[in-house]
Structures are given as C-alpha cells and as structure tokens.
1. Rounded, prolate or oblate for segment 196-276? Axes are the square roots of the Cα gyration tensor eigenvalues, ordered a ≥ b ≥ c, and the cut-off for rounded is a/c under 1.5.
2. Residue farthest toward the positive end of the dipole of segment 74-197, with Cβ of Lys/Arg at +1 and Asp/Glu at -1: which of A184, Q144, N102?
3. How long are the semi-axes of the equivalent ellipsoid of segment 189-228, defined as square roots of 5 times the Cα gyration tensor eigenvalues? Whole Å, largest first.
4. Take the chain, drop everything but the C-alpha atoms, weight them equally and run the Debye formula without solvent; then report log10 I(q)/I(0) at 0.05, 0.06 Å⁻¹ to two decimals.
5. Using modelled amide H (1.01 Å from N, peptide plane; none on Pro or chain starts), what sits under 5 Å from the amide H of Y257, excluding residues fewer than 5 places away?
6. Can you list residues whose amide H is under 5 Å from W283's amide H, if they're 5+ apart or on another chain and H is modeled 1.01 Å from N?
7. Can you give me the long-range amide H partners of T328? Hydrogens built in the peptide plane at 1.01 Å from N, cutoff under 5 Å, separation of 5 or more residues or another chain.
8. Which entries of K219/K295; K219/K247; K219/K254 show an alpha-carbon separation above 22 angstrom in the structure shown?
Amino acid sequence: MSDCKATDQSHPVAFGQLLWKPSDAFAAKSNMAHFMNWLTERRGLEFPDYNALWSWSVNDLEGFWAAIWDYFQVYSEQPYTAVLDSEEMRPGLRWFEGSKLNFAEHILRCERQGTAIWHLSEARSLQKISWDKLSRQVRIVATQLRSLGVRPGDCVASILPNIPETVVAMLATVSIGGLWSNAAPEFGISTLKDRFSQLRPRVLLAADGYRFGGKLFDKRTELSSLLQELPEVATLIFLPYIACDAKPEAGAAKVLYWGELIRGEDPKEAFCFERLPCDHPLWAVFSSGTTGLPKAIVHNHVGVLLEMYKFMSLHLDLRPGDTAFFYTTTGWVMFNLVVGMLLTGSAIVLYDGSPVFPGPERLWEMAAASGTTLFGASPGYVKVLDDLGLVPKDQYDFSALRSVLVGGAPSTPETFSWFYNAVKEDLWVTSQSGGTEIASGFVVGCPLLPVYAGEIQTRALGMAVEAWDEAGNFVIGEEGELVCCKPFPSMPLYFVNDEDHSRYNAAYFEDIPGVWRHGDYFEVNERGGCCIYGRSDSTLNRNGVRIGTAEVYRVVEALDEVVDSLVVCAPVKRGEDYLPLFLQLREGLRLNEELREKVNRELRAKCSARHVPDEIIQVAEIPYTLTGKKLEVPVQRLLAGRPIESAVSTASMRNATAIDFFTEFAASLRT
C-alpha cells in the first residue's frame, strides 16, 4: 500500500495538497529505479534522487541518450557514428547518424505470448488479439502493400476508427518504410483534403463510416468526393465497418476490401523489415492549427523510438503483463502514442465510440474486464463523470489498476481527487503535457515522486525545459514561458512543403532564436513540480499582470451550474483590453445576476480581483479544435476585429457551428 491516502471526499482539495506517495516497494519495482540501478552498474553513475538524474540527463545529452539506446537494446543494422551532430537547437539535427533501424520491428521483434490488443466499440463487443495474430497480420498486410507498389517514403493514409485494423495497417506501413498518416472518420471532407492533399498518398485505407452515441454515420459519399481530390491515390483499401455492403465510387483508384488484404499467406520466414537511415520519415501528424492549412509534421524512426522507449517505460512505468488504455480517436497523436505503448510489451486497449454511451460507466466496465493497469483520459471527461456523481469503484474491481494518465488539457485539483475518491485510494495519478509536434511529453509523471493536487510531477528526462520570464531569465515559483533549451530526438524531422524550414523556424524558434518556445504558460516550483496555465498566446493581461486561462477555468468549472467556459482578453478599444467570460450552463439554466455575482465572488476569493471578468456571457457551447483544445486565440482574434476567414478555420473545429455566436458577438462590439 502507499504511504499516503487521498483526501476525504467531503473536504475540498487545495492546490498543491499531497494526495499520494509511492511506497518503498512501489518505487523499487519501477522501471525508473531499475534504470538508475543500471546506470550505476554499467556506467558508474549514481544519483540520489530523480532531480539529480534529470539534471544529468539534460547536461550530458549524448551520455543520456546513448544510455537509453543501450538500456533498451536498440537494434540497428549498422552502428551509429555519433549520438548527435550538434547541440544547437534548430531544425535539421541528426541523431544517431549511421544507424539503420525500423520502429515497427522493435514492437514486434520479440515472440511474446498473450494479449497484444483489447478492443471495444459501439459496433463490436469486447475482444482481444494475441501478439502472434498481430505479428502475422502485420506481415501479411505489409507484403500486400509492397505488392501494390508502396516503396520506402511513399505515403499510406488512413481514415479508419480506433480499432485493431488501424494498428495493423500502421505497423505494416511503417515496417516497409512507408510514411503513415492517420485521420478520424468523423473529420469532414475539407479537413481530410487539407491534410492528405499535402501528403499525396499512394494508398488510402478507409471505413464506410462510424458509430458514435448510438448513431450511425455513413461516410461513403464523402469518401468518393475525397478521392476525386486525391488523384495520386492508386488503391483504396475499403473496410465495411458499420455493415454497409456497397463500396464507394473510387474513380480511377483500384478498390480492395480489407478482408481480401489479410487473407494472404503469412510470409513469416521470408519477411524483412525495411531498416532505415536516421533521417527517414516515420509518420506525418497534424497540428490543430486554427487558421490556414494544418502543419504536416514529420518525425523519424530513430527519434520516436528512443523517445517512446523513455516515455512509455520510464515515465509511464509500463512493462510486460500490463494493459494500457487512453481514450482517443485516430485524429489525434495520442493514437500513435498508444500504439507506441506496445514497445514495452504491455497490451493496449482500443475504444471506438462515445465514452459515455450507452452509459457513463462504459469505459470503467471495459477497464475492469480487460484488467487495465493504466487508465488515460482528459480532464473534461473526468468533470462529466464527477458532475454525474459516478463512483466506478462501487461497481467494478480495479485491483489491477495501478496508474492514471490525464492529458489533453490542464488538470485541476478536483480532477486528481475524483480518481482517489471515485476509483481507488492507492493510485498513482499523473497529469502530463507535451504536444503533437514532439510525439511525447515535456512535463510528465515519475513513479518515484509524490502526487500533489493540480501539479504535474516533473520535467521529462532529456528535456531541458524551463519557465522563462519576459527578460529571458529562468524563474522558479513564477509563471513564465515554457521553453526547451536543448535538442531532443523526437523534434520534427521537417514540415511537409517547407524545404527551407521557414515554417518550422517560425513555429518554434522565431521568438527566441536557439530556444524551442512551445507556447504554454508554465511554472516550475521549488521541488520540481510543474503547472501548465494555458497557451501563452492566449494569456490574459490585466494591467500588466499575466494570468493563465486555466486559473479561471479551475474556479469557474468547479461550480455546479457551469458545464464549460472560455475566457479571452482582447484589445477592443484603443488602450483598453476587454476580458469577457463565456459560460456554457447546465441544460435549462439561464444566466442571471445572482449567478454572475457568484462567479465573480469565487474568482475574487480563490484567485484575485484581476481575475474577475469585465462581462459574463452565456453561450450554447464552447468551440473546440478537432484535438480538443478550446479556441481561445481565434475568439480573441474575432473580438479584436479580425474577419472570420483569417481568425479561424472551421475545418479544424470539432463543433464548427459553435463559432457563429462569437462571430456575431464580435460584430456587435463594433456597432
């Protein structure tokens, strides 16, 4: 058992309150402790605690990443000549030059027994796939793709749900050196065109539709339209997922059914993984950009392999025999990270559909049935369950559950306490933050450290992350800009159609040359704990004082009447900044003076007078990107007078009609 229990549910949880700490046995059994012991035995390096280990990892980059390579026994067809060609923070760095390896081979190189994938959806009951079956299907599909003319560097794109077929297709593409890119079936045609037209895929895999919230969505007509926009697609691999018999009109593209693809013979003895140089592309993932075309971000095999070994094994503490779940769609980089969890020998759990259909207990029932050891979801999902009063531990056995990963948005103390009160007392709850562009986390969990309410435990190994003030000074215990001062292997290889790296440089290095500016408002405290306060480009400025939007959300969204919220600060009048707070209330409620006063009172008492908005406005819903980010900056732009077409791309939105209110509201400010 742990040495510290959760705070009693009847008492409010304070920010920074100690909620849990690992027992000696828990810490000693962790992969992080094993790695530290290995460093002592093999490298003669001893570290008294995690902070000392982290300091070494960022001050001796070559020594640290070479240790990661050796510790995880990375296999390369030929030895590397140098760990890193330069410590200058810029695009175009080369890691482990001379090596030739394959990301998928490292997932499938061991003959593992037991389950590799558990899967459940609104269309399918809970099932599982063995490691042997996964390996066999990957070899078959990879061989079929080669026969279709896919060569190293060719793009294979996917519009498949979060199901095993997508994992098989991804690993098959990667195993032969193809460039993989996935999107979700719920994306609209313009979003898909904006993404895939940049990549010019040779093969497209697509489902006929999807199910969500009990509803059926047939996407065949849209798929036919998309194919007309992608003339380079030579083959469509079609999956009848929602039992639509008719295939789409594919134009000049050849159509194969998924069932035909996997019926081939297993070429086990003859199959070879394509081992690739350090600068070979692995996949293209897309930013949730709110204007213009989304950035097509390309990573390489060696960088992602090393970063995921470190992240999944050391920071998530996954190991053979574990079962890991994170609620995601295939439209988010978290799908790629879930597949990366297989590197540890852990099984993964896939879920496709609404997380609260047919009831809010859906994912917890699945977690109990699959013996999930790591459960992952967003703070928004936790708030929904908390508001509904769900207490999963009263219904299910979570004896196997060891840890929780909360990601996608800043977590509040209430997010943490819900898990301890409603799920399990002895639980390692971690909030973590990174980004699509790094395919990992900057600030993460550590099984050796305590859990404090609302805090991210620590900075990731090998990530020289600091909080900088406006003068460029590293600050402790103060809010600042999240920067990374030294290179890391999973930096983007390049952006598509950005030969001179101008977009790449503008995205991360333009504001502070030689330093990666991530765009988060951030704090590191004295003990090394971290907090993300929201996007720095949406930071609220009240009379010269910077306020993170998450500070407002933490207070406002804890109120029973509030479902969701959005706050911005925009220059509406010359010399004046306007700070409105938009609230989505529970169904049937109307914003009145009493509720306005309550919101302001809570913000004043729990934050400061500067946090009190100029105006509170009720809205039907808060606008979000496809990857679940609130559209703070686009709304800020609208209120500042930018036209809708340059302020936001509705194709990048999850709920495009939600922006209409803000467009009209912005216009009313100037009449």
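1. Oblate is the answer for segment 196-276, as a/c is 1.5 or above yet b/c matches or exceeds a/b.
2. Towards the positive end, the residue furthest out is Q144.
3. Sorted largest first and rounded, they come to 22, 10, 9 Å.
4. -0.22, -0.32
5. Residues meeting the criterion, in which the H sits 1.01 Å from N, are F238.
6. When sequence neighbours closer than 5 places are left aside, the close amide H contacts are W180, H299.
7. Y351
8. K219/K295
The values are calculated or read from the model by the stated rules, or taken from the named source; none is laboratory data. Predicted model only: the values in this text are computed from it and were never measured. Neighbour counts run over all protein chains shown; Cβ positions are idealised from the backbone, glycine included. SASA here: full protein model, heavy atoms, side chains in, ligands and nucleic acids out. Shrake-Rupley method; radii C 1.70, N 1.55, O 1.52, S 1.80 Å.
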